[in-house]
1. Being outside any helix (DSSP H, G or I) and more than 18 Å from residue A:235 (Cα to Cα) is the filter here, so list the residues in segment A:187-218 that pass it.
2. Would you kindly identify the strands (runs of 3 or more DSSP E) lying entirely within segment B:1-97 that contain at least 2 residues that are within 25 Å of the chain's Cα centre (by Cα), within 24 Å of residue A:26 (Cβ to Cβ) and in contact (Cβ under 8 Å) with a residue 60 or more places away in the chain?
3. Can you report the number of residues in segment A:230-252 which are crowded, with 18+ Cβ neighbours inside 10 Å and within 9 Å of chain B (Cβ to nearest Cβ)?
4. Buried (at least 24 other Cβ atoms within 10 Å of the Cβ), in a helix (DSSP H, G or I) and at pLDDT 95 or above, is that true of residue A:173?
5. Residue B:106: free of Cβ contacts under 8 Å to residues at least 60 places away in the same chain, facing chain A (nearest Cβ under 10 Å) and either crowded, with 22+ Cβ neighbours inside 10 Å or of a type in the set (Lys, Arg) (or both), yes or no?
6. Here's a check for you: in segment B:41-72, which residue that is surrounded by 14 or more Cβ atoms within 10 Å (Cβ to Cβ) and small (Gly, Ala, Ser) is farthest from residue B:103 (Cα to Cα)?
7. Residues to consider are A:231, A:208, A:252; find the one that is in contact (Cβ under 8 Å) with a residue 60 or more places away in the chain and over 19 Å from residue A:140 (Cβ atoms).
8. Applying the selection to segment B:4-21, what residues are acidic (Asp, Glu) and more than 8 Å from chain A (Cβ to nearest Cβ)?
Protein chains: 2
Amino acid sequence: MRPAFYISDGTAITSEVFGHALLSLFPTEFEHHTISFVETIEKALEAKDKINAACKRTGQPALVFHTFVNHEIREIIDSCDGVIYNFLEHFVSPIEKEIGIAAKPKAHRTHSIHENSYDYRIDAVNYALANDDGSNISNYEDADIILVGVSRSGKTPSSLYLALQYGVKAANYPFTEEDLEDLRLPEFLKAHKKKIFGLTIDADRLMEIRDNRMANSRYSSARQCRMELREVEKLYKKEKIPFVNTTKFSVEEITAKILAETGLQRYKY
Amino acid sequence: MRPAFYISDGTAITSEVFGHALLSLFPTEFEHHTISFVETIEKALEAKDKINAACKRTGQPALVFHTFVNHEIREIIDSCDGVIYNFLEHFVSPIEKEIGIAAKPKAHRTHSIHENSYDYRIDAVNYALANDDGSNISNYEDADIILVGVSRSGKTPSSLYLALQYGVKAANYPFTEEDLEDLRLPEFLKAHKKKIFGLTIDADRLMEIRDNRMANSRYSSARQCRMELREVEKLYKKEKIPFVNTTKFSVEEITAKILAETGLQRYKY
């Protein structure tokens with residue numbers, strides 16, 4: 001298998017995203033290696049040794065994705081036996097020309113703390129945890145969004161991802177059987193109707209998830225899952241609540257859809 | 001302010017990471033716009049209108065970062081009044097030549113569900129929640145890692161990020177005053193010593209965070225914060241527990257350091 005390396009003097013998240021976006025276009029498998037925090041000559045030499053060892057072991061040049069701006073470290077990595085793909089160098093100078101401002105290469109800190117985004121996000125995580133699973137229905141004033149749905153339709157991971165990735169405060173509320181029987185929103189939700197966003201899921205997938213949690217229960221039965229989903233979708237339509245079916249989507253896709261549909265302000269780019 | 005657009009037929013996370021890594025090199029501010037899920041001709045035309053409106057409003061060509069592989073949609077976006085930066089086109093053909101395999105452009109789904117990574121991550125989120133803040137000390141067998149530290153040193157956001165981003169099961173345990181007084185690990189942690197990773201933080205920052213939570217309390221006092229941190233760092237050194245100071249780091253950096261230092265297996269690339 002061809003080895004691929006993602007290297008940077010920071011988290012290497014940018015190199016990973018860059019390399020993975022490219023490699024995912026190819027119908028083959030790669031061996032993935034991340035080397036983060038390569039901030040010194042010593043670490044650069046170690047990284048080079050690792051790349052060269054992988055080239056030797058597999059008999060193929062490794063694909064090396066990096067984003068170095070420091071010349072000394074960059075030269076060491078560039079001198080390895082792998083093939084180098086450095087996307088910064090292709091684009092920096094065209095952008096400089098376009099905007100008429102010179103780039104100021106600094107140690108690469110795309111994923112570091114800046115513009116107070118860290119505080120927003122930690123606040124949002126604390127909010128999501130304190131308002132998870134209907135645990136604090138008196139606190140919806142402070143929510144940016146309130147995710148609703150039946151138990152195990154994806155509310156908690158989505159709330160946490162909105163918090164960690166975007167600094168968005170998401171509460172979530174699981175509809176109870178009583179809510180669904182009456183086919184109406186509880187009063188404490190009605191007051192914040194504009195913030196409500198619904199999740200739904202296919203019955204087969206819901207049964208599978210619930211069965212993992214509570215095998216052979218009424219909770220995970222086909223009858224119960226189908227009934228809850230039928231009622232919740234009726235409620236969304238009746239109350240004109242926007243909603244998304246999470247079955248085939250990753251948490252990145254669910255939250256990107258929520259941001260796109262609601263136009264919610266996010267605190268981090 | 002120069003407008004920047006991040007556009008894709010999926011989440012647009014790749015375009016955002018790509019554009020943001022570049023723009024963060026320039027000592028100026030940009031106006032950020034994300035347009036995700038541009039999957040149809042109609043949506044492409046709408047996106048083009050939005051870009052053109054921003055160019056007109058600011059009197060400057062927008063910088064447009066995209067990753068389209070569909071030719072029809074791509075041509076529409078490429079015909080806007082902005083300047084296009086498409087990093088896929090620069091790198092696909094060199095990689096094709098290097099690995100001898102033709103790319104199979106498909107609708108761009110880098111951040112979608114594949115290889116069961118979704119299930120790993122949701123399991124890991126559930127694990128992190130059930131084992132947050134020392135709430136379930138009997139369950140450390142299943143942990144990939146156990147984060148320890150004093151209250152508010154960054155354990156919970158780090159555990160959740162490890163789960164959501166990497167599918168790693170992280171428990172976390174806040175040392176009690178008794179643990180620190182005795183300067184020894186509780187028995188239930190000793191049994192899993194190889195999985196333990198410590199967090200620490202500067203006293204001033206800890207006081208600030210705790211004061212936001214419980215103003216003017218013993219908990220947030222300088223004396224208490226300094227004492228706890230002094231003891232916890234002594235304990236790390238005595239027990240040879242690897243640790244990181246989270247004060248100046250984002251949650252991405254903290255977790256990347258944890259992965260780099262522990263060599264933990266991750267479930268998602």
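1. Across segment A:187-218, the qualifying residues are A:214, A:215, A:216, A:217, A:218.
2. Numbers: elements: B:2-7, B:30-35, B:63-66, B:83-86.
Output list reads B:2-7, B:63-66.
3. Number of matching residues: 4.
4. Values: buried (at least 24 other Cβ atoms within 10 Å of the Cβ): yes; in a helix (DSSP H, G or I): no; at pLDDT 95 or above: yes.
No; evaluated as a whole, the condition is false for this residue.
5. Working: free of Cβ contacts under 8 Å to residues at least 60 places away in the same chain: yes; facing chain A (nearest Cβ under 10 Å): yes; either crowded, with 22+ Cβ neighbours inside 10 Å or of a type in the set (Lys, Arg) (or both): yes.
Answer is yes for this residue.
6. For segment B:41-72, the residue satisfying everything is B:54.
7. Exactly one residue qualifies, and that residue is A:252.
8. The answer is B:9, and nothing else.
The values are calculated or read from the model by the stated rules, or taken from the named source; none is laboratory data. What you see is a predicted model; the values in this text were computed from it and never measured. Quick reminder, even Gly has a Cβ in these numbers, built from the backbone with ideal geometry, and neighbours come from all protein chains shown.
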